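Remarks on the structure that follows.
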Amino acid sequence: MKILITGGAGYIGSHTAYALKKEGHEPVVLDSLVNGHNWAVKYGPLVQGDIGDAALVARACAEHKPDAAIHFAAFIEVGESVANPQKYMENNYHKAQRLFDTLCDSGVKRVVFSSTAAVYGTPVSEAPIAEDHPQKPINPYGESKLLAETYLRSLESKGMRSVALRYFNAAGAAPIEEGIGEAHDPETHLIPNVLLAGLGLKDEVKLFGTDYPTRDGTALRDYIHVLDLAAAHLAALNYLASGGATDVCNLGTGNGSTVLEVVQAAERALGHAVPQSRHERRAGDPPMLVANASRAREKLGWQPRYNLDEIVTSALEWHRSKKAV
Ligand SMILES: NC(=O)c1ccc[n+]([C@@H]2O[C@H](COP(=O)([O-])OP(=O)(O)OC[C@H]3O[C@@H](n4cnc5c(N)ncnc54)[C@H](O)[C@@H]3O)[C@@H](O)[C@H]2O)c1
């Protein structure tokens, strides 16, 4: 299949392009490079431009004739979305709407969409979260993603079929010889920040909240290897290609790890302690966020393969290689 990948110069998009190419598919990246990297586009051509530019998207569809699209392009910082909601609503919702319309009008009627666990807001209980959990985002980032999901679903009436994938916490990297990995600026995710502190590229990692009702008092999250996410996108494309109906699936392992367990995994991989400081809880951080991903298993035939140690080790190799250059 030929697949248009918006945001394919970013972290998860570049890993999905790698996974698609490896399976014999043809990725075409559409990215403005506002936050992505030219060096991460290795597995197919780059169309450089904005997802909200309908003429450009229509031209890319006419030239490359993709069978389907995966929409990753978005702004991803929750804190920034609170400070600047307009920026997030414009990029993640209004431009996504324009993109979906243009794809549909151009005959690209199968779309896989990057959504997020942030659509659920604060969990109503500590049980793993299933797709029918109430969707009440507590920040503009989550709101913008939920609105885009809803709009995409509404295009069913025009023949569009889609799968929205709600990821929990993405981490890890492709085999080191591929030369792709997580490179956000600023980096707000826990695993890269723990490793950057461990490698001496940051003074320390700040751990927020040590009095949560979890097994060691730190917040518990569901970390999923970026290659497991990439495999789920491929499974969703296959599902749609074989006639599957519009749906939404969580992507996580169903096994949470606490902040301290992540630090310990990093210390095992590094072979030494990570400089750290402990702070009060951050507003809006729930104690636990774990996926019930049984729908992705049943409908897409998808199964995560990597555990926390493998996630952390692959991310460490990537950050080490960046430190060396
Ligand atoms: N990283 C995570 O843990 C995580 C978790 C849940 C959901 N997601 C979702 O996954 C997707 C990818 O996340 P990521 O971590 O790879 O982010 P990223 O910032 O590395 O990649 C996003 C890419 O989109 C591009 N982009 C942004 N706006 C654009 C626009 N208007 N036009 C064209 N290109 C544009 C950027 O240049 C960048 O290359 C996002 O939609 C995000 O909301 C990520």
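Read-outs: derived from the displayed coordinates by stated rules, not from any lab. Please read all numbers here as calculations on a predicted model, not as lab measurements. A quick note on method: Cβ atoms are made from the backbone with ideal geometry, for glycine too, and the neighbour counts reach across all protein chains shown.
Summary of values
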read-out: Residues in the range 243-262 reached by a label modelled at Ser294 [backbone nitrogen below 17 Å; 7 Å Cα→Cβ]; value: 248-256
read-out: Extension gain from Asp185 to Ser242, taking 0.36 nm per residue of separation minus the Cα-Cα distance; value: 16.7 nm
read-out: Inter-label distance, nm, simple model (7 Å from Cα along the C-beta direction), Val82/Glu23; value: 3.7
read-out: Residues Leu220, Leu270, sorted so that the one with the fewest Cβ neighbours within 10 Å comes first; value: Leu270, Leu220
read-out: Cα-based shape type of the range 281-325, given that a ≥ b ≥ c are square roots of the gyration tensor eigenvalues and the cut on a/c is 1.5; value: oblate
read-out: Dipole of the range 74-151, positive end: most advanced residue of Gly107, Pro134, Ile76 [Cβ charges, Cα centre]; value: Gly107
read-out: Cα-Cα over 28 Å, subset of Lys136/Lys299; Lys206/Lys323; Lys2/Lys158; Lys109/Lys145; Lys87/Lys322; Lys65/Lys145; value: Lys87/Lys322
read-out: Tensor-based shape of the range 1-107 (alpha-carbon gyration tensor, a/c under 1.5 rounded, otherwise prolate or oblate); value: oblate
read-out: Burial ordering of Phe168, Phe75, Phe113, fewest other beta-carbon atoms within 10 Å first; value: Phe75, Phe168, Phe113
read-out: Zone of Gln276's modelled label, taken as backbone nitrogen in the range 176-204 under 16 Å from a point 7 Å along Cα→Cβ; value: 189-200, 202-204
read-out: Shape of the range 213-271, Cα gyration tensor, a/c cut at 1.5; value: oblate
read-out: Separation of the Arg268 and Lys158 label points, Cα + 7 Å toward Cβ, nm; value: 4.9
read-out: Full-extension gain in nm, Ala283 to Asp132, via 0.36 nm per residue minus C-alpha separation; value: 51.9 nm
read-out: Residue-span extension gain [Lys65 to Glu178] - 0.36 nm each, minus C-alpha spacing; value: 38.0 nm
read-out: Degrees between helix 308-324 axis and first principal axis of the chain (Cα, 0 to 90, nearest 10); value: 90
